[in-house]
Structure formats: C-alpha cells, structure tokens
Amino acid sequence: MILIDGKTTAKKVFDKIKTETENLEKKPAIAVIIVGNDPASKIYVNRKHKKAKEVGINSLVIEFDENISQEELESKINELNNDDSINAILVQLPLPKHLNTYRIIEKILPIKDVDGFHPENAGKINIGIEAYAAPCTPLGVMTLLDEYKINPEGKHAVIIGRSNIVSKPLASMLLSKNATVTICHSKTHNLKEIASTADILVVATGKANMVTSDYVKQGAVVIDVGISRDKDGKIHGDVDFDNVAEKTSYITPVPGGVGAMTIAMLMQNTLRLYKIQRGQK
Ligand code: NAP
C-alpha cells in the first residue's frame, strides 16, 4: 500500500506558485467573501488568507453580517467584478438560508470564478472543455492521481456522493480521462457491491468511517474526500483507514490527503485567472 501524500504534493504546488509570483511586478489578488459567524467557515477563510500571503498572492477578506440581503451581496460581487485589481472572487459556502446561493454564484464573472462553481465553468467541465477554473477539491484529487501516476483510463471509478462542488465535477474530470464512472448516493441500492467493483473508489459523503474493507476491492485506489470532526475535535475521513488501508494499492489519509490539496488548487486557480485576464494563458 502506498500512502498518497497530499501535504507534500500541495507544498510542491505552493513552491511553484511562490516562484512565479516572486517575478511578478503586480501580484495576483483574490477576494474572499464571508457571511455570518460560522466558526468552520472562519477557520477556512483565515487559512486561505494566510496561505495566499505566503505564496505572494494578495488576499482581501470581506466580512458581512449574517443578515445581509441578496441585493447587497450581489452588488458587492458586481463591484468586485468591475475591480481590475481583483483577479479571483470566492464566496465562502454555505451561505445563510435566506440567501439564494445559486444566484449569487451566477453573479460572479466566470473569468473571476476561482471556485469553478459558475454554471459556465461547471458546464465547460461537464462537456469536457477547459474552464477558466475547475472546482478546487476535485482538481486536487485529479492532481494527486497525476502525481502518483495513477492513470484513470479504462478503470472503473466509483464515486460515493453526488454534490455539485465535489462529486459531479470529479465524475466529469474522470470521464474526460477515459475512466468508466459510476456515481452513487444515499438512495443507491447495493452500494457495497458497486463500491467493491471499483478500481478507483472516491468517497465524499461526510459520514465518518462509513467505508469499511468490505466496500473495497483488493488493490483498489481509495480517495477519501470526507472531513468530519467528532465531539473531541478529532478529524475523521469517510473511510475507516485502519480497516481498509492494507487492502488498497494507494490510499489518501485524513488529514493530509485531499484536504491538503484544496487550498493549493485555490491558489493555483487564482494565478491561472490572473494569467488568463492578462492574455498570458
Ligand atoms: P454533500 O453535499 O454533503 O453530499 C454528500 C453526498 O453523500 C450526497 O450526495 C449524499 O447522497 C451522499 N451520501 C451521504 N450519506 C451516504 C450514504 N450513507 N451512502 C451513500 N451516499 C451517501 O457533500 P460534499 O459537499 O461533496 O462533501 C462531502 C464530504 O467532503 C464532507 O465531509 C465535506 O466536509 C468534505 N469536503 C472536503 C473538502 C476538502 O477540501 N477535502 C472539500 C469539500 C468537501 P444524497 O445526494 O442522496 O443525499
């Protein structure tokens, strides 16, 4: 079994970005909008802000009270769309329930949509053509597969989960690399049987340790996207690592696997959008 090391792979990406930004007169810039006081969201936004600075990307965090109206938030996005000093816009999700997330994401200019959630970018990924930016977590998974020379072509990839931010774009990306893709979800019958036919098994459910060794084919590649925190604050993946690892050929740990890649891909996307906007890509 080979452990897929997200931290080391992410560091390579950060180092490469840092080297590139050092030579730039004008730095790339990302604006991150956060609404309300969700502690997890605050932690994520602070991490993004800190990492951006470390790799030579300017970061602007814009905080709003949780009662902000749809119109006010959309107007801020319009302002950022028209601000040439901002290359990338990210709205930290989830948003409070009174806000229409889809409409807000749709307001971001696709060329500044660093999360790749805008329907234009999502659509491009779905039809297999290059988007301005691709969603960071699935892009992180694809980067890890590439780094470890795991070629999806001809393999059966089973994804457990059907979210718009992780699983659906990942399915499209794997399909573009010629995998045979099966998407499972909470209404799937015979989940265990399907999962155990996977050459590449990706789990993105948010259900701590739900995947045990009977879900896994001998020699499979197992990618664990899940992040759940128990009452003691310990982080768990969706895969019961100790039970599953020895059966796999490659496996991502949690933490230190996919999660470590997400911010790296965010920074990579920011630099990419900067270059696209300057006609350098
Ligand atoms: P999500 O929107 O919460 O959706 C979870 C998906 O899992 C749903 O499609 C759901 O099916 C399915 N599911 C839940 N329980 C299941 C079960 N027992 N059997 C089969 N399918 C089941 O998911 P997400 O946003 O993709 O996030 C998934 C996990 O990844 C979470 O732990 C999240 O924290 C983590 N995550 C990590 C990163 C990272 O940087 N590593 C980034 C994003 C998310 P239904 O559609 O039928 O309800």
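Any read-out appearing in this document is the output of simple, stated calculations on the displayed coordinates, not a laboratory observation. Remember, it's a predicted structure, so these values are computed and weren't measured experimentally. Note that we place each Cβ from the backbone using ideal geometry, even for glycine, and neighbour counts take in every protein chain shown.
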Report, in order of residue number, the helices in the chain meeting two criteria: a C-alpha extent of 18 Å or more along the helix axis, and a mean Kyte-Doolittle hydropathy of at least 0.0; treat each whole DSSP H run as one helix. 258-277
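Could you list 184, 136 so that the one with the fewest beta carbons within 10 Å of its beta carbon is first and the one with the most is last?
So the residues, fewest neighbours to most, are 184, 136.
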Residue-span extension gain [residue 42 to residue 1] - 0.36 nm each, minus C-alpha spacing: 11.2 nm
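Label the stretch 1-136 by shape, choosing from rounded, prolate and oblate, from the square roots a ≥ b ≥ c of the eigenvalues of the Cα gyration tensor; if a/c is under 1.5 it is rounded, and otherwise prolate applies when a/b is larger than b/c, oblate when it is not. Intermediate results must be reported in sequence, preceding the final value.
Details: a/c = 1.45, a/b = 1.40, b/c = 1.04.
Verdict is rounded for the stretch 1-136.
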With just the Cα atoms defining each centre, how far is the stretch 34-90 from the stretch 243-281? Give it in Å. 20
Rounded to the nearest 500, what is the 222 nm mean residue ellipticity of the chain from helices alone, with -39500 (n - 2.57) per DSSP H run of 4+ residues and division by all residues? -12000 deg cm²/dmol
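Rounded to the nearest 5, what % of the DSSP beta bridges within the chain are antiparallel ones?
Values: 2 of 32 bridges.
DSSP beta bridges in the chain are roughly 5 percent antiparallel.
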Quick one: grab the alpha carbon gyration tensor of the chain, order the square roots of its eigenvalues as a ≥ b ≥ c, and give me rounded if a/c is under 1.5, else prolate or oblate depending on whether a/b is larger than b/c. prolate
Any trypsin sites (Lys or Arg not before Pro) in the stretch 1-90 that lie in a DSSP loop and have at most 14 other Cβ atoms within 10 Å would be 26
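Which FRET efficiency, nearest 0.05, do residue 280 and residue 246 yield, Cβ-Cβ r, R0 51 Å?
The formula returns an efficiency of 0.65 here.
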I need the GluC sites (Glu not before Pro) found in the stretch 50-151, filtered to DSSP loop residues with at most 11 other beta carbons within 10 Å of theirs. 130
Trypsin sites (Lys or Arg not before Pro) restricted to DSSP loop in the stretch 185-215 with at most 12 other C-beta within 10 Å: 187
Heads up, the stretch 5-79 by the C-alpha gyration tensor (a ≥ b ≥ c square roots of eigenvalues; a/c under 1.5 rounded, else a/b over b/c prolate, else oblate) looks oblate
Note down the relative contact order for the chain as a percent, whole number, built from C-alpha pairs under 8 angstrom at least six residues apart. 22
Please tell me the relative contact order of the stretch 9-130 in percent, rounded to the nearest whole number, where contacts are Cα pairs under 8 Å and at least six residues apart. 26
